[in-house]
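> Here it is: the structure, laid out below.
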Amino acid sequence: MPTRILIIGGGYVGLYTALKLQRGLRSGEAEVTVVNPENYMIYRPLLPEVASGTLEPRHAVVPLRAVLRKARFVSGALTGLDTAARTATVQPIAGPDLTLGYDELVLALGARSKLLPVPGLVENGIGFNSLEEAAHLRDHVLRQLEIASATTDHELRRRALTFVFVGGGYTGVEAIAELQDMAVDVLEGYPELDRSEMRWILVEAMDRILGTVSADLADLATTELTGRGIDIRTGTLLESAENGVLQLSDGTKLASDTLVWVAGTRPQPILGELGLPVDDRGRLVVDGTMRVDGYADIWSAGDCAAVPDPEQGGTCPPTAQHAVRQAQQLGENLLLTLRGHAPKPFQYNSRGEFVTLGKNKAVGEVGGHKVNGTLAWTLRRAYYATQIPTWNRTARVLCDWAVGMPFGHDVVNFGSREEPRGAFRQAAKK
Ligand SMILES: Cc1cc2nc3c(=O)[nH]c(=O)nc-3n(C[C@H](O)[C@H](O)[C@H](O)COP(=O)(O)OP(=O)(O)OC[C@H]3O[C@@H](n4cnc5c(N)ncnc54)[C@H](O)[C@@H]3O)c2cc1C
């Protein structure tokens, strides 16, 4: 009987573990099943470019069925686990629950936005973790420009042109930088608006932005962003967002229809309901080989696991770079285990990092050297062009980038697609 390997989650860890197995497994050695709610993997570092319209949303994802040709794919979500019976309960996209058996289980559920109890946040805010959020924000910002240019109401105009992002980690910095860059770029098509009227505000609780990258790199990014008019408020909290009126801890009160909450992530809550060991941040406790403590047949890595960091000590940061390398070692460890060998600990030395700040703008660190501007931006693109799985996706991303070079950002606001039946319902009324 082939060994049943069940992978829950088809993000970085799920996809790259399955790819490693697909390449390494001998015929009949094991059967691999991957479970994920969507039938694609989101290439999250490209989401800021989806938000600015530089990339088509579909081009920033990897179609799981197309790349995992030797695995079974199930579109659904894990809802329960029976570790004694070695079964997982999965809620498929429709119909009754499925019970999937396993001999080896990989939990790769990633993380979701971490919300704080700020009044009005849920009603008025939006996260920046999914494809839908990134694509929506692009249309939303363009819609705000349309509102501001069309209205004669001074307050409405000011509200529409105020964009507030809470959280100055790399997700928040990349999101505000790309969207502000897009808004400035398309502004020449709005003769009624002046750049100085737009307010872009980045609120960060700590005393500097980009807390996980070096202080030098954070300084470079701060200089770039403030030079472009982005108002960075460090040491500041969002206290309330009721009725779209944002109260900051420094006393500022702003009316805004754009509140993007990027103040951190937390592992999927289901992990705490499975009876497996989790740490104080809700991450699965694993050893250096990424085996869940106390379970010889359950493995985990990526944002949902506290993987010991061989480079810095402590546990690995939640980055795609770490997730990919962990997945490759996890796949290798599954192959070793299947063949009766001991699994090996995860080893990795980061070779660099980049933060995109808009077209031709980025900061980065490669091999200990700081880079910024067009060079950093080009190196970042070159890196991702070589990382995206399949030539099909690489080609689509390269085409989007090539088209974007001579032309500016596209100004089309296609937000109406979020209500595709609106026109049909309207027609029924008349
Ligand atoms: C906007 C943004 C930009 C980023 N930029 C960078 C960057 O530039 N560089 C970098 O190194 N890192 C970046 N990251 C972080 C990086 O994307 C994550 O660290 C990485 O995705 C973690 O991989 P993962 O496999 O653990 O989780 P994910 O890639 O998030 O995958 C988890 C998968 O599990 C699925 N899932 C969730 N719940 C269930 C369930 N109950 N059942 C089944 N499946 C489930 C999810 O749908 C998802 O497909 C960025 C993150 C974001 C949000």
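> May I ask for the distance between the Cα centers of segment 358-429 and segment 142-190, given as a whole number of Å?
The two parts, judged by their Cα centres, are 18 Å apart.
> Another one. Using only Cα atoms, find the angle between the long axis of helix 170-186 and the longest principal axis of the chain, and express it within 0 to 90 degrees, rounded to the nearest 10.
In the chain, helix 170-186 runs at an angle near 40 degrees to the longest axis.
> Please label the shape of segment 293-399 as rounded, prolate or oblate, based on the square roots a ≥ b ≥ c of the eigenvalues of the alpha-carbon gyration tensor (a/c under 1.5 means rounded; beyond that, a/b larger than b/c means prolate, else oblate).
Judged from the Cα gyration tensor, segment 293-399 comes out prolate (a/c at least 1.5, a/b above b/c).
> What net charge is computed for the residues neighbouring Val363, neighbours being all others with C-beta under 10 Å from the C-beta of Val363, Lys and Arg scored +1, Asp and Glu -1?
-2
> With all pairs of different alpha carbon atoms counted, what Kirkwood hydrodynamic radius in Å does the chain show?
Result for the chain, one decimal place: 23.1 Å.
> Assuming 0.36 nm per residue, please report the length gained on full extension of the stretch Trp401 to Asn349 beyond their Cα-Cα distance.
So the chain would gain 15.8 nm between Trp401 and Asn349.
> Okay, moving on. So how tilted is helix 373-387 from the main axis of the chain? Cα-based, degrees 0 to 90, rounded to 10.
So the helix axis and the longest Cα principal axis differ by about 30 degrees.
> Can I ask one more? Tell me, what HN-Hα J-couplings in whole Hz come from the Karplus equation 6.51 cos²θ - 1.76 cosθ + 1.60 at θ = phi - 60° for each residue of segment 204-218, using x for Gly and Pro?
9, 6, 7, 7, 8, 7, 6, x, 8, 10, 5, 4, 4, 5, 4
> Pull up all non-local amide H partners of Val203: gap of 5 or more, or a different chain, and H-to-H distance under 5 Å with H placed in the peptide plane.
Residues meeting the criterion, in which the H sits 1.01 Å from N, are Phe165, Val166, Gly167, Arg233.
> Rounded to two decimal places and with Rh computed the Kirkwood way over Cα pairs, what is Rg over Rh for segment 72-179?
Working: Rg = 20.8 Å, Rh = 17.9 Å.
On the Cα set of segment 72-179, Rg over Rh gives 1.16.
> For Met41, enumerate residues with amide H under 5 Å from its amide H, sequence gap 5+ or separate chain, H modeled in the peptide plane.
Counting only residues 5 or more places away or on other chains, the set is Val62, Leu64.
> Determine, for Glu56, Glu242, the number of other Cβ atoms within 10 Å of each Cβ, and report the residues in order from fewest to most.
Fewest to most other Cβ atoms nearby, the residues stand as Glu242, Glu56.
> Now for a separate question. If the reach is capped at under 26 angstrom between alpha carbons, list the lysines near Lys359, excluding any in the same chain fewer than eight residues apart.
Lys359 reaches Lys370.
> Out of the DSSP beta bridges found with both residues in segment 121-263, what percent are antiparallel (nearest 5)?
25 percent
> Something else now. List the lysines whose Cα lies under 24 Å from the Cα of Lys253, skipping any in the same chain that are fewer than 8 positions away.
By straight Cα distance, Lys253 reaches Lys114.
> Using a simple spin-label model with points 7 Å from Cα along the Cα→Cβ vector, what separation in nm is obtained for Arg281 and Glu123?
So the two model labels end up 3.3 nm from each other.
> Here's something else I'd like to know. Kindly rank 332-340, 40-48, 299-307 from highest to lowest mean number of other beta carbons found within 10 Å of each residue.
Top to bottom by mean Cβ count within 10 Å: 299-307, 40-48, 332-340.
> Given the options Gly28, Gly244, Gly120, which has the most mean-square fluctuation in a GNM of the chain, springs set between C-alpha atoms less than 10 angstrom apart?
Highest fluctuation among the options: Gly28.
> Also, I was wondering about something else. On a 0 to 90 degree scale, rounded to 10, what angle separates helix 320-338 from the longest Cα axis of the chain?
10 degrees
> Express the relative contact order of segment 156-291 as a whole percentage, based on alpha carbon pairs under 8 Å and six or more residues apart in sequence.
Values: 194 pairs, mean separation 39.8, N = 136.
That works out to 29 percent.
> What is the fewest-to-most order of Lys370, Lys429 by other Cβ atoms lying within 10 Å of their Cβ?
Lys429, Lys370
> If packing is taken as the mean number of other Cβ atoms within 10 Å per residue, what is the order of 347-355, 163-171, 73-81, highest first?
So the order, starting with the most tightly packed, is 163-171, 73-81, 347-355.
> Something else now. Taking neighbour counts of Cβ atoms within 10 Å as a proxy for exposure, in what order, fewest first, do Met290, Met198, Met405 appear?
Met405, Met198, Met290
> Sorting check: for 393-399, 182-188, which peptide has the highest mean count of neighbouring beta carbons within 10 Å, and how do the rest follow?
Result, highest mean Cβ count within 10 Å first: 182-188, 393-399.
> Mean shadow of segment 121-263, computed from the convex hull of its alpha carbons, in nm²? It would help to have the intermediate numbers written out before the result.
Values: hull surface 33.1 nm².
Computed as one quarter of the Cα hull surface, the answer is 8.3 nm².
> By the scheme Lys and Arg +1, Asp and Glu -1, what is the net charge of all other residues having a beta-carbon under 13 Å from that of Gly125?
Overall, the nearby charge balance is -3.
Only the coordinates and a few stated rules stand behind these numbers; no lab work does. Not measured: the values here are computed from a predicted model. Because the Cβ atoms are built from the backbone with ideal geometry, glycine has one as well, and the counts that use them run over all protein chains shown.
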